[in-house]
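Here's the structure we're looking at; comments come further down.
The values are calculated or read from the model by the stated rules, or taken from the named source; none is laboratory data. Quantities reported herein were computed from a predicted structural model and do not represent experimental measurements. Cβ atoms come from the backbone with ideal geometry, glycine included; neighbour counts cover every protein chain shown. Areas reflect the complete protein model, heavy atoms only, side chains present, ligands, DNA and RNA absent. Shrake-Rupley method; radii C 1.70, N 1.55, O 1.52, S 1.80 Å.
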Amino acid sequence: MSRAGYDFDAAWQRVMQAAGAGSQTALAAALGVKQSSVWDVQRRARAIPANWLVVLVEQYGVSPLWIKTGREPRLLTRSLGDIPVAELMGELGRRYDIMLMRCAGIRPPAK
């Protein structure tokens, strides 16, 4: 465990895995940072920078908690509580219309 309260080496491996990187150079490219920054984090800082976590969330949908702890789920998902009621009702109405069309033998319009 490091001073940040987590196993840096395990978190580092999860960052590499999430970004699909096999090297510092590949990780730098995936995160949009300099290779020297990657080296510095791995060798000196020994803490995953917050801006890297932001990129991993935005680009790969990776859970920061998974990076830190390895606890599933690996990827972030939308919960029903995060979806506005109007959006849910609209989707429900659209699917209901499609179901009625299919029952009537009418092919629903393509998306």
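One table, with the values for the structure above:
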quantity: Net charge contributed by nearby residues that have their C-beta within less than 15 Å of residue 31 (K/R +1, D/E -1); calculated: 0
quantity: Residue 89 versus residue 76: modelled label distance in nm, points set 7 Å from Cα along the beta carbon direction; calculated: 2.7
quantity: In Å², nearest 10: area of residue 77 left accessible to a 1.4 Å probe; calculated: 110
